[in-house]
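The values are calculated or read from the model by the stated rules, or taken from the named source; none is laboratory data. Everything quoted here is computed from the prediction, not taken from an experiment. Heads up, the Cβs are rebuilt from the backbone with ideal geometry, glycines too, and the neighbour counts pull from every protein chain shown. Side chains included, ligands, DNA and RNA excluded: accessible areas come from the protein's heavy atoms. Shrake-Rupley method; radii C 1.70, N 1.55, O 1.52, S 1.80 Å.
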Amino acid sequence: MSETTNQKRVLSCIQPSGMLTLGNYLGALKNWPKMQDDFDCIYAVADLHAITVRQEPAKFRQQIYSTCALLLAIGLDPERSILFVQSNVAAHAQLGWVLGCYTQFGELSRMTQFKDKAAKHADNVNLGLFAYPTLMAADILLYRPDFVPVGADQKQHLEIARDIALRFNHIYGDVFTVPEPYIPKAGARIMSLQDPSKKMSKSDENPNAWVAILDSPDDIMRKFKRAVTDSDAKVCVGADKPGINNLIGIYSALTGRTDEQIAAEFEGQGYGVFKQRVGEAVIEELRPVRERYETYIADKGELEAIYRAGAQKAAKFADRTLGKAMRKIGFAF
Ligand code: TRP
């Protein structure tokens, strides 16, 4: 991506927090490579955010590599887009500090994710966890994106980034672009295969509840065969059929078929056949992703070369915005 196109710009970041699930894939990641056709795209692995909870060093590094390899495997193209690791671009931490000085204690105290995480990790309620939204605001504002794709759980953080940008611009003039949330057309919300009232999550203690993007075909099929359904035995969307609704949602996200088409396709057939077909569709969707992932992760040198080159390109954008903000404040920068 060059610095002078007329395309609108999109920024997306993902934390390197281990296994990504089919829910992450269908809910967000699957859309990311497609955005490259319509926008100038910037993608980052948000490693600085990950240390708000304690990380084991070797595992943490592996997860950063793994997340980069996965982003390449789903089809992000480092020639067309910028793909980098957040900590490699110093401007994020620098602007993060600055924006913290334009963010109120009260605003950050109201963040629901902070309240949830503070309750969950009561022994490690650190400053980083509290200030997390100001770092995220820096990630965003440095690149002046028009759009930021966010799921429901990050909406409040995007809101505060917008508030901070508006406040800063109000004092110093037009420094930051105020980004809009980007809601992709088909962002499926995938539920647990064992308890379809809950979102599919890698932290679920029941491994049959979720499918990892990198799961083997055998594991994927086993999990779909065991998916919780109901006693109705009719493949169609229904108010009291959360398990089947979820499987239909998954099948629909993969095939592009409507609920009605799916109901017609499985008319007169039992849940066994349906679950098998959904399992096969998931396996076929994820097979090329897993294969490409294996190639990328096997060559750490090449992977490093890709994200380092990405950081150099990102820094050009980021440093320009950082410099502007610093000089406006009055720093001799
Ligand atoms: N906080 C986001 C999450 O946990 C990840 C993230 C970090 C992000 N910086 C961002 C998302 C900037 C969008 C824009 O999912």
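May I ask you to list the residues in the range 15-51 that are open to solvent by 10 Å² or more (accessible area, probe 1.4 Å), in a helix (DSSP H, G or I), hydrophobic (A, V, I, L, M, F, W, C) and within 19 Å of Ser201 (Cα to Cα)?
Ala28
Might you check whether a residue that is of a type outside the set (Lys, Arg), buried (at least 20 other Cβ atoms within 10 Å of the Cβ) and closer than 30 Å to Ala298 by Cα occurs anywhere in the range 121-139? Can you show your working first?
To start, the set of residues in the range 121-139 that are of a type outside the set (Lys, Arg) comprises 121-139.
Right, trim to buried (at least 20 other Cβ atoms within 10 Å of the Cβ) and you get 132-139.
Subsequent filtering for residues that are closer than 30 Å to Ala298 by Cα retains 139.
There is at least one residue in the range 121-139 that is of a type outside the set (Lys, Arg), buried (at least 20 other Cβ atoms within 10 Å of the Cβ) and closer than 30 Å to Ala298 by Cα.
What is the one condition in (1) open to solvent by 40 Å² or more (accessible area, probe 1.4 Å); (2) more than 22 Å from Tyr143 (Cα to Cα) that Ala73 does not satisfy?
With (1) open to solvent by 40 Å² or more (accessible area, probe 1.4 Å); (2) more than 22 Å from Tyr143 (Cα to Cα) applied to Ala73, the lone miss is (1).
Say whether the condition of being charged (D, E, K, R) and under 29 Å from Leu193 (Cβ atoms) is met by at least one residue in the range 313-324.
Taking the range 313-324 first, the residues charged (D, E, K, R) are 313, 316, 319-320, 324.
Checking the rest, the ones that are also under 29 Å from Leu193 (Cβ atoms) come to none.
No, every residue in the range 313-324 fails to be charged (D, E, K, R) and under 29 Å from Leu193 (Cβ atoms).
Kindly list the number of the only condition in (1) more than 16 Å from the ligand (Cβ to nearest atom); (2) surrounded by 22 or more Cβ atoms within 10 Å (Cβ to Cβ) that fails for Pro78.
That leaves (2) as the condition not met.
Could you list, in sequence order, the residues of the range 140-157 that are within 11 Å of the ligand (Cβ to nearest atom), modelled with pLDDT of 95 or more and either among the charged types (D, E, K, R) or in a helix (DSSP H, G or I) (or both)?
Answer for the range 140-157, where residues must be within 11 Å of the ligand (Cβ to nearest atom), modelled with pLDDT of 95 or more and either among the charged types (D, E, K, R) or in a helix (DSSP H, G or I) (or both): Ile140, Leu141, Gln156, His157.
Could you tell me which numbered condition Ala90 fails, if it satisfies all but one of (1) surrounded by fewer than 15 Cβ atoms within 10 Å (Cβ to Cβ); (2) modelled with pLDDT under 95?
Here Ala90 meets the rest and fails (2).
Among (1) open to solvent by 70 Å² or more (accessible area, probe 1.4 Å); (2) of a type outside the set (Ser, Thr, Tyr); (3) in a helix (DSSP H, G or I), which single condition is Ala332 missing?
Unmet for Ala332, out of (1) open to solvent by 70 Å² or more (accessible area, probe 1.4 Å); (2) of a type outside the set (Ser, Thr, Tyr); (3) in a helix (DSSP H, G or I): (3).
Go through the range 11-44 residue by residue and tally those that are in contact with a Pro (Cβ under 7 Å, 6 or more places away or on another chain) and more than 10 Å from the ligand (Cβ to nearest atom).
Residues meeting the conditions: 1.
Quick one: which helices (runs of 4 or more DSSP H) lie wholly within the range 212-299 and hold at least 3 residues that are open to solvent by less than 60 Å² (accessible area, probe 1.4 Å) and of a type in the set (A, V, I, L, M, F, W, C)?
Counting at least 3 such residues, we get 217-225, 242-255, 271-297.
If you check Gln113 against the conditions, is it within 11 Å of the ligand (Cβ to nearest atom), touching a helix residue (DSSP H, G or I) at 6+ places or on another chain (Cβ under 8 Å), of a type outside the set (A, V, I, L, M, F, W, C) and more than 19 Å from Phe176 (Cβ to Cβ)?
yes
Please verify whether Ile164 is at pLDDT 95 or above, part of a helix (DSSP H, G or I), buried (at least 20 other Cβ atoms within 10 Å of the Cβ) and away from the ligand (no atom under 11 Å from the Cβ), treating the condition exactly as stated.
yes
Taking the options Ile183, Ile190, Ile171, name whichever one is open to solvent by 30 Å² or more (accessible area, probe 1.4 Å), at pLDDT below 95 and β-branched (Val, Ile, Thr).
The match here is Ile183.
To keep it simple, each residue is scored yes or no on (1) assigned to a loop (DSSP other than H, G, I, E, B); (2) in contact (Cβ under 8 Å) with a residue 24 or more places away in the chain; (3) away from the ligand (no atom under 16 Å from the Cβ).
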| residue | (1), (2), (3) |
| --- | --- |
| Gly106 | no, no, yes |
| Val125 | yes, no, yes |
| Phe130 | no, no, no |
| Ala138 | no, yes, no |
| Glu159 | no, no, no |
